[in-house]
Amino acid sequence: MRIDYAKAPADPDGGWHAHGVHRLARTPTASAASSGLCYSSEAEEFIFFHGNASVMLPSLAPGASSRPLLDLSTVEDHNTQYFNFVELPAAALRFMPKPAFVPDVALIANRFNPDNLMHVFHDDLLPLFYTLRQFPGLAREARLFFMEGWGEGAHFDLYKLLSPKQPLLRAQLKALGRLLCFSHAFVGLSKITTWYQYGFVQPQGPKANILVSGNEIRQFARFLTEKLNVSHAGSPLGEEYLLVFTRTHNRLILNEAELLLALAQEFQMKTVTVSLEDHSFADVVRLVSNASMLVSMHGAQLVTALFLPRGAAVVELFPYAVNPDHYTPYKTLATLPGMDLQYVAWRNTLPENTVTHPERPWDQGGITHLDRAEQARILQSREVPRHLCCRNPEWLFRIYQDTKVDIPSLIQTIRRVVKGRPGPRKQKWTVSLYPGKVREARCQASVQGASEARLTVSWQIPWNLKYLKVREVKYEVWLQEQGENTYVPYVLALQNHTFTENIKPFTTYLVWVRCIFNKTLQGPFADVLVCNT
Ligand code: UDP
């Protein structure tokens, strides 16, 4: 994706850590400006008025106020997105314009790139939805304030669905007063639902610590589907179908008709197209949420995969010289646990099937503004090397190519993943539940002669297991000789085990036991056992 937000280098003293504790800050629930947050629409600055009773945590040391307190958008530590404010004593109010009070509870945030659908969903809509649900009543009462300074953007109607009140843009605040004071405000967005980092610091990729699952994504999708009045009545075509999401301006599929025909033949299903240009967003959601497969070039429109039914397949097409493994926002989404989607990436490997556009403006992949040697290098390169966001000309050149899709290779690639007939599946209970501690862990030792000993460890199942159906229950036991740094781990299927190897007589062992469900869901360790042989 292309992002026009340039990120300036980090201020070395910029307090990149300062907002770690402040994902979402809440101003004191003050009803008077003298202890709260205001916005000067003249200065275009937030102001904190300090009174005798003001509390600010973390207490910003003098001179430290340039440090970001928190991010206004969900993009981590982007220096165009910090929440900045100036401080004044409450007494200064006497000399300022009479404040106008905002009667609603405010949620104040930045949208990151409201013209790009991926950014709209990933950076804004999902985080807004879950931030509003983090505080009782907020979703029903809040008014959203978008402070990034953009106009409504291409998808403002979607933002309007999130709260009952019309969101306000920064440019509209002037009309409300020169000094706007919030009686009750929340600032910033929860980052808990984001799954991707766009490559500002390191090349783009999934976030290191993804906390969202398909369950939360699907709850949000259901909410939006209902708000858009998209019925759950089943297939809008009255039968199963494959959906090709096309782009009309750039990154085209050049043999679309041939592709539609081939897909229809291979999967014996009707195949239809959809585009953001030719369909309302409600129609897009209606079509996607009943499709058996979504096929599309890499691009923001693929974020709509979050509306696909469980069991459907996502097929992402990449132009020549673009490595699918390096650009995975949609793969990461489709493969989140609980999304229950099948994901396929296909790339064009044939240079004769690509159409380049060197003459276009730089932001649509043109390269004629570059010096000749650099143009020649890009033209010869067979793969875009990993790079940082956002203006890498080689990346833009390649990602804005049009592609004639090689049908046999695409079908083969899809068939490697999609074996039978793709399509909606009944919802199954997919939330992963973790084991509790094992109970009544005990150890018993016996010494056989001067050099041999045995250690028998036993335990009872975790308390919650008797209420659960779990496919596979295993136990992990760690043995550590007291005083040693290392331990030996064992994975066992039964509730007791006698260890004989490497067990020394007259030695103290520390033994930890925990339960593991389905290979990955690890319970907590029970209290350590101290065992003397
Ligand atoms: N877009 C579209 N049709 C097109 C090209 C783009 O609807 O032919 C949309 C696209 O889905 C995205 C926005 O325009 O929401 C910006 O597209 P861009 O190519 O900049 O970003 P990308 O899709 O690569 O993330």
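The values are calculated or read from the model by the stated rules, or taken from the named source; none is laboratory data. Just so we're clear, the structure is a prediction, and the values are computed from it rather than from any experiment. Neighbour counts run over all protein chains shown; Cβ positions are idealised from the backbone, glycine included. Each accessible area value is taken on the protein alone, full model and side chains, heavy atoms only, with ligands, DNA and RNA left out. Shrake-Rupley method; radii C 1.70, N 1.55, O 1.52, S 1.80 Å.
Scan the stretch 23-56 for residues that are more than 26 Å from Glu148 (Cβ to Cβ) and at pLDDT below 75 and jot them down. Outline the logic, then answer.
To start, the set of residues in the stretch 23-56 that are more than 26 Å from Glu148 (Cβ to Cβ) comprises 31-32, 34-35, 50-55.
Ser31, Ala32, Ser34, Ser35, listed by residue number.
Can you find a residue that is more than 16 Å from the ligand (Cβ to nearest atom), modelled with pLDDT under 95, outside any loop (DSSP other than H, G, I, E, B) and touching a Pro at 6+ places or on another chain (Cβ under 9 Å) anywhere in the stretch 83-105?
Yes, the stretch 83-105 contains a residue that is more than 16 Å from the ligand (Cβ to nearest atom), modelled with pLDDT under 95, outside any loop (DSSP other than H, G, I, E, B) and touching a Pro at 6+ places or on another chain (Cβ under 9 Å).
Sort out which residues of the stretch 112-144 are over 21 Å from Gly214 (Cβ atoms), away from the ligand (no atom under 13 Å from the Cβ) and in contact (Cβ under 8 Å) with a residue 40 or more places away in the chain, and write them in order of number. Full working, then the answer.
First, the residues of the stretch 112-144 that are over 21 Å from Gly214 (Cβ atoms): 112-116, 135-144.
Of the ones still in play, those that are also away from the ligand (no atom under 13 Å from the Cβ) are 135-144.
Result: Phe135, Leu138, Ala142, Arg143.
Applying the selection to the stretch 267-300, what residues are among the small types (Gly, Ala, Ser) and under 22 Å from Asn229 (Cβ atoms)? I'd like the intermediate steps shown before the answer.
First, the residues of the stretch 267-300 that are among the small types (Gly, Ala, Ser): 275, 280, 282, 289, 291-292, 296, 299-300.
Correct list: Ser275, Ser280, Ala282, Ser289, Ala291.
Kindly indicate the residue of the stretch 295-311 that is within 16 Å of the ligand (Cβ to nearest atom) and within 14 Å of Met339 (Cα to Cα) and also surrounded by the fewest Cβ atoms within 10 Å (Cβ to Cβ) among those meeting that condition. Before the answer, list the steps.
Residues of the stretch 295-311 that are within 16 Å of the ligand (Cβ to nearest atom), as a first pass: 295-307.
Right, trim to within 14 Å of Met339 (Cα to Cα) and you get 303-307.
Values: Val303: 21, Thr304: 27, Ala305: 24, Leu306: 24, Phe307: 24.
Within the stretch 295-311, the match that is surrounded by the fewest Cβ atoms within 10 Å (Cβ to Cβ) is Val303.
Among the residues of the stretch 217-230 satisfying the criterion of being open to solvent by 60 Å² or more (accessible area, probe 1.4 Å) and touching a residue at least 12 places away in the same chain (Cβ under 8 Å), which is nearest to Glu76 (Cα to Cα)?
My answer is Lys227.
Within the stretch 383-419, which residues are out of contact with any helix residue (DSSP H, G or I) (no Cβ under 7 Å at 6 or more places or on another chain) and part of a strand (DSSP E or B)?
Asp402
Consider Glu277 against the criteria (1) away from the ligand (no atom under 16 Å from the Cβ); (2) modelled with pLDDT of 95 or more; (3) charged (D, E, K, R); (4) in a loop (DSSP other than H, G, I, E, B): it satisfies all of them except one. Which criterion is unmet?
For Glu277, the exception is condition (1).
With (1) of a type outside the set (Val, Ile, Thr); (2) in a loop (DSSP other than H, G, I, E, B); (3) farther than 30 Å from His387 by Cα; (4) more than 26 Å from the chain's Cα centre (by Cα) as the list, and Leu162 as the residue in question, which single condition is left unmet?
It fails just one condition, (4).
Tell me which residues, restricted to the stretch 358-382, are away from the ligand (no atom under 16 Å from the Cβ), open to solvent by less than 70 Å² (accessible area, probe 1.4 Å), part of a loop (DSSP other than H, G, I, E, B) and not aliphatic (A, V, I, L, M).
Start the filter on the stretch 358-382 by keeping residues that are away from the ligand (no atom under 16 Å from the Cβ), which leaves 358-359, 367-382.
Imposing the further condition that a residue be open to solvent by less than 70 Å² (accessible area, probe 1.4 Å) reduces the set to 358, 367, 370, 374-376, 378, 381.
Of the ones still in play, those that are also part of a loop (DSSP other than H, G, I, E, B) are 358, 367, 370, 381.
Pro358, Ser381, listed by residue number.
Just name the residue that is farthest from Tyr330 (Cα to Cα) out of those in the stretch 164-196 that are without any contact (Cβ under 8 Å) to a residue 60 or more places away in the chain and open to solvent by 10 Å² or more (accessible area, probe 1.4 Å). Lay out the reasoning, then the answer.
Within the stretch 164-196, the subset without any contact (Cβ under 8 Å) to a residue 60 or more places away in the chain is 164, 166-169, 171-172, 175.
Narrowing the set further to residues that are open to solvent by 10 Å² or more (accessible area, probe 1.4 Å) leaves 164, 166, 168-169, 171-172, 175.
Numbers: Pro164: 30, Gln166: 30, Leu168: 30, Leu169: 29, Ala171: 33, Gln172: 34, Ala175: 40 Å.
That would be Ala175.
Failed condition for Ile217, given (1) away from the ligand (no atom under 16 Å from the Cβ); (2) under 17 Å from the mean Cα position of the chain (by Cα); (3) among the β-branched types (Val, Ile, Thr); (4) farther than 26 Å from Ser280 by Cβ, with all others met?
Going through the list (1) away from the ligand (no atom under 16 Å from the Cβ); (2) under 17 Å from the mean Cα position of the chain (by Cα); (3) among the β-branched types (Val, Ile, Thr); (4) farther than 26 Å from Ser280 by Cβ, Ile217 breaks only (4).
Just a yes or no: is a residue in the stretch 94-106 open to solvent by less than 10 Å² (accessible area, probe 1.4 Å) and either touching a Gly at 6+ places or on another chain (Cβ under 6 Å) or within 23 Å of Ile192 (Cα to Cα) (or both)?
Within the stretch 94-106 (the criterion being open to solvent by less than 10 Å² (accessible area, probe 1.4 Å) and either touching a Gly at 6+ places or on another chain (Cβ under 6 Å) or within 23 Å of Ile192 (Cα to Cα) (or both)), the answer is yes, since at least one residue qualifies.
Which residue pairs have Cβ atoms under 7 Å apart, sit 6 or more places apart or on different chains, and have a first residue in the stretch 478-505 that is more than 19 Å from Ser446 (Cβ to Cβ) and a second that is surrounded by fewer than 12 Cβ atoms within 10 Å (Cβ to Cβ)?
Within 7 Å, the pairs are Trp478/Pro489.
Residues in the stretch 231-252: is at least one within 16 Å of the ligand (Cβ to nearest atom) and at positive phi? Working first, answer last.
Start the filter on the stretch 231-252 by keeping residues that are within 16 Å of the ligand (Cβ to nearest atom), which leaves 243-252.
Within this subset, residues satisfying the condition of being at positive phi are 251.
Checked the stretch 231-252: at least one residue is within 16 Å of the ligand (Cβ to nearest atom) and at positive phi.
When you scan the stretch 112-134, do you find a residue that is surrounded by fewer than 20 Cβ atoms within 10 Å (Cβ to Cβ), not in a loop (DSSP other than H, G, I, E, B) and not β-branched (Val, Ile, Thr), even just one?
Kept after step one, since they are surrounded by fewer than 20 Cβ atoms within 10 Å (Cβ to Cβ), are these residues of the stretch 112-134: 115, 130, 133-134.
Right, trim to not in a loop (DSSP other than H, G, I, E, B) and you get 130.
The next check asks that each one be not β-branched (Val, Ile, Thr); those that pass are 130.
Scanning the stretch 112-134 turns up at least one residue that is surrounded by fewer than 20 Cβ atoms within 10 Å (Cβ to Cβ), not in a loop (DSSP other than H, G, I, E, B) and not β-branched (Val, Ile, Thr).
With the requirement that a residue be within 15 Å of the ligand (Cβ to nearest atom) and part of a strand (DSSP E or B), what does the stretch 253-274 give you? Working first, answer last.
Residues of the stretch 253-274 within 15 Å of the ligand (Cβ to nearest atom): 253-254, 256, 273-274.
Ile253, Thr273, Val274, listed by residue number.
Considering only the stretch 314-326, I want to know if a residue exists there that is of a type in the set (S, T, N, Q) and open to solvent by 10 Å² or more (accessible area, probe 1.4 Å). I'd like the intermediate steps shown before the answer.
First, the residues of the stretch 314-326 that are of a type in the set (S, T, N, Q): 323.
From the residues that got through so far, the ones that are open to solvent by 10 Å² or more (accessible area, probe 1.4 Å) too are 323.
Checked against the condition, which is being of a type in the set (S, T, N, Q) and open to solvent by 10 Å² or more (accessible area, probe 1.4 Å), the stretch 314-326 yields at least one hit.
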